[in-house]
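The values are calculated or read from the model by the stated rules, or taken from the named source; none is laboratory data. Here the structure is a predicted model, which is why all the values come from computation and not from measurement. Quick reminder, even Gly has a Cβ in these numbers, built from the backbone with ideal geometry, and neighbours come from all protein chains shown. Side chains are part of the model used for accessible areas, which takes the heavy atoms of the whole protein and leaves out ligands, DNA and RNA. Shrake-Rupley method; radii C 1.70, N 1.55, O 1.52, S 1.80 Å.
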Amino acid sequence: MSAIYTVLAEGDDQQDPVVDTARAILDGHIVLSRELAERGHYPAIDVSRSISRCMAQIASPEQMECAVSVKDLLSRYAQVRDLIPLGGYVRGAAPLTDRAVDLYPRIEAFLRQGMHESAPLANVLPRLKELVA
C-alpha cells in the first residue's frame, strides 16, 4: 500500500462528485458506515460497499471465493433486513437468502474486532472458510 487517502462525503453520499471521482481513480476503497458505528460495530467497515481492484493479485483463489461468498450473503441479507421485523420475509422462497439470514449474526460477529484485538491472517482464514462452508 503506498498511500491512504480520506474522502469525507456529506451525509455519507456515495454519489457525491468528489467521492465518485476518487473511487474511479483509486485501486480500492474502504467505506466506513455511520450506521455500523452507531450499532457499536467496530471497525465500522461496510464490507458490501468496499472494494479492491488489487485483491485478486494478492489473495489466493480460496480467499477470493470466501470473500465473494461473504459479500453475496451480506447483500442477500440487506435485501430482506427491513422485512424481517415486519413479518414480510417468508422462509423457503429463496434458499440462499434463508442461508444469509441464518448466517448473518455469525458474519457480523466475524467482521467485528476489538480495539486491542489482533487478527493474524493465519487465524482468520480458517474461521472465514468455516463460516461460509
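Just one of the numbered conditions (1) on the phi > 0 side of the Ramachandran plot; (2) within 13 Å of the chain's Cα centre (by Cα) is not true of GLY92: (2).
Answer with yes or no whether VAL70 is in contact (Cβ under 8 Å) with a residue 12 or more places away in the chain, open to solvent by less than 80 Å² (accessible area, probe 1.4 Å), touching a Phe, Trp or Tyr at 6+ places or on another chain (Cβ under 6 Å) and on the phi < 0 side of the Ramachandran plot.
Details: in contact (Cβ under 8 Å) with a residue 12 or more places away in the chain: yes; open to solvent by less than 80 Å² (accessible area, probe 1.4 Å): yes; touching a Phe, Trp or Tyr at 6+ places or on another chain (Cβ under 6 Å): no; on the phi < 0 side of the Ramachandran plot: yes.
In short, no.
Give me the residue from region 114-131 that is hydrophobic (A, V, I, L, M, F, W, C) and assigned to a helix (DSSP H, G or I) and, out of that set, farthest from the chain's Cα centre (by Cα). Only one residue fits best here, namely ALA122. Do you know which of the residues in region 26-36 that are open to solvent by 70 Å² or more (accessible area, probe 1.4 Å) and more than 11 Å from ARG53 (Cβ to Cβ) is modelled with the lowest pLDDT? Result: ILE30.
Could you look through region 73-113, keep only residues that are among the acidic types (Asp, Glu) and in a helix (DSSP H, G or I), and pick out the one that is most open to solvent (accessible area, probe 1.4 Å)?
Only one residue tops the list, namely ASP102.
Scanning region 40-63 for residues that are surrounded by fewer than 13 Cβ atoms within 10 Å (Cβ to Cβ) and part of a helix (DSSP H, G or I) returns ALA56, GLN57, ILE58, PRO61, GLU62. Being under 24 Å from ALA133 (Cα atoms), of a type in the set (A, V, I, L, M) and at pLDDT 95 or above is a property that VAL47 lacks.
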